[in-house]
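The structure is given below, and queries will be raised subsequently.
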Amino acid sequence: MAEYNNLKIEKDGATAVLSIARPNALNALNSETIGELNSALSEIEADDSVKVLIVTGGPDKKDNPYKSFVAGADIKEMYDFTAPEARAFGMRAAEPFFKLMNMRQVTIAAVNGFALGGGCEIAMACDIRLASDNAIFGQPEVGLGIIPGFGGTQRLARLVGMGRAKEMIFTASNIDAEEAYRIGLVNHVYPKEELMAEAKKLAEKIERNASYAVSVAKAAINNGYDMDIKNAVEMEANLFGVVNDTHDKKEGMGAFIEGRKEKNFTDF
Ligand code: CAA
């Protein structure tokens, strides 16, 4: 993996942990970090040894690992943006955010503190969100005279429904981890010290299954979400056909028929 100024990437078995690391800015996303994220995600996607990616926030400048996931897009950088520059900034972030959403590896956001604006948005671009019990979510943009620009108006409504998304965005009010769990923005909430261990446990559970099948299931869910049900089910049948022609299918079903616990999945 390349070296990055604002990202730290660690591999632990088949799990990669990508930490956004701008300790002086509570991991706010500036242009450089967004560019690095785009390159790092391409590197990770090309790595057959990585099956699950955990995205988290690095410690703040006082070395507190539970202060912030990502405190938004970088307000100091955005302050001087012209309209075309702001549009370009939004489009620049769309690329890595779509990679998180569509890459063949499963992406888990381990939200370890503030997830505001672009921070909430990057978490929403991941497949699954886990939160520490001190995490705070919000889309504060209208209080800054702007609107969410990294997919927030779209992904929040898709995740929690229009009414709740509109309330959060129009009031610019933050919600805590329990409320985020209640409205379906996060899958689980854990005591902060246990968040990373729980994220890795979830990753391992996913990694035990056939990775290629998991990636095809991810594509089926993503692609079908915005389709009408008839075409979506037909698309699923096509992908169901594809996974039936794999080594892993013979291996998984063979293990069942032979009463064998060990499975040697190799496709990815
Ligand atoms: N951009 C740039 N710098 C930021 C930042 C951000 N989004 N969030 C925090 N920082 C910086 C602070 O300026 C501060 O820097 P200095 O030490 O140099 O002054 C440092 O990080 C620590 O932050 P605070 O001193 O403010 O920490 P706190 O504990 O008092 O408050 C906080 C924490 C409530 C998260 C507060 O920092 C905050 O409100 N941050 C901004 C959150 C926000 O509005 N995010 C949305 C941005 S807009 C967006 O994301 C648009 C989009 O969709 C594209």
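The values are calculated or read from the model by the stated rules, or taken from the named source; none is laboratory data. From a predicted model like this one, the values you see are computed outputs, not experimental measurements. Neighbour counts are summed over all protein chains in view; Cβ atoms, including those assigned to glycine, are modelled from backbone coordinates with ideal geometry.
Could you grab me the full set of residues in region 7-65 that are charged (D, E, K, R) and in contact with a Pro (Cβ under 6 Å, 6 or more places away or on another chain)?
Asp60, Lys61
May I pose another question? If you check Asp48 against the conditions, is it touching a residue at least 24 places away in the same chain (Cβ under 8 Å), surrounded by fewer than 24 Cβ atoms within 10 Å (Cβ to Cβ), within 14 Å of the ligand (Cβ to nearest atom) and assigned to a loop (DSSP other than H, G, I, E, B)?
No, not satisfied.
Further question: Hey, does region 88-97 have a residue that's of a type in the set (Lys, Arg), assigned to a loop (DSSP other than H, G, I, E, B) and modelled with pLDDT of 95 or more?
No, region 88-97 contains no residue that is of a type in the set (Lys, Arg), assigned to a loop (DSSP other than H, G, I, E, B) and modelled with pLDDT of 95 or more.
Are any of the residues in region 152-167 touching a Ser or Thr at 6+ places or on another chain (Cβ under 6 Å), within 13 Å of the ligand (Cβ to nearest atom) and modelled with pLDDT of 95 or more?
No - not one qualifying residue is present in region 152-167.
Condition (residue is within 16 Å of the ligand (Cβ to nearest atom), assigned to a loop (DSSP other than H, G, I, E, B) and among the hydroxyl-bearing types (Ser, Thr, Tyr)) applied to region 169-180: is it met by at least one residue?
Scanning region 169-180, I find at least one residue that is within 16 Å of the ligand (Cβ to nearest atom), assigned to a loop (DSSP other than H, G, I, E, B) and among the hydroxyl-bearing types (Ser, Thr, Tyr), so the answer is yes.
Of the residues Asn209, Asn222, which is in contact (Cβ under 8 Å) with a residue 40 or more places away in the chain and in a loop (DSSP other than H, G, I, E, B)?
Answer to the selection: Asn209.
Follow-up. Being within 11 Å of the ligand (Cβ to nearest atom) and under 13 Å from the mean Cα position of the chain (by Cα) is the filter; apply it to region 100-123 and report the residue that is surrounded by the fewest Cβ atoms within 10 Å (Cβ to Cβ).
Glu121
Among the candidates Gln154, Gln139, single out the residue that is closer than 22 Å to Gly90 by Cβ and free of Cβ contacts under 8 Å to residues at least 12 places away in the same chain.
Gln154
Taking Asp60 as meeting all but one of (1) within 14 Å of the ligand (Cβ to nearest atom); (2) charged (D, E, K, R); (3) assigned to a helix (DSSP H, G or I); (4) in contact with a strand residue (DSSP E or B) (Cβ under 8 Å, 6 or more places away or on another chain), write down the number of the exception.
Answer for Asp60: the failing condition is (3).
If you don't mind, another one. Of Met253, Met227, which residue is of a type outside the set (Gly, Ala, Ser), in a loop (DSSP other than H, G, I, E, B) and either touching a strand residue (DSSP E or B) at 6+ places or on another chain (Cβ under 9 Å) or surrounded by fewer than 16 Cβ atoms within 10 Å (Cβ to Cβ) (or both)?
Within the list Met253, Met227, the selection yields Met227.
If you don't mind, there's one more thing I want to ask. Being within 13 Å of the ligand (Cβ to nearest atom) and either under 15 Å from Gly117 (Cβ atoms) or touching a residue at least 40 places away in the same chain (Cβ under 8 Å) (or both) is the filter here, so list the residues in region 79-95 that pass it.
Residues satisfying the conditions are Tyr79, Phe81, Ala86, Phe89, Gly90, Arg92, Ala93, Ala94.
Also, quick follow-up: Only one of these conditions is not met by Ala28: (1) at negative phi; (2) in contact (Cβ under 8 Å) with a residue 12 or more places away in the chain; (3) away from the ligand (no atom under 12 Å from the Cβ). Which number is it?
Unmet for Ala28, out of (1) at negative phi; (2) in contact (Cβ under 8 Å) with a residue 12 or more places away in the chain; (3) away from the ligand (no atom under 12 Å from the Cβ): (3).
Something else now. Name the single residue, out of those in region 129-156 being in a helix (DSSP H, G or I) and within 16 Å of the chain's Cα centre (by Cα), that is surrounded by the most Cβ atoms within 10 Å (Cβ to Cβ).
Residue satisfying both the conditions and the ranking: Leu156.
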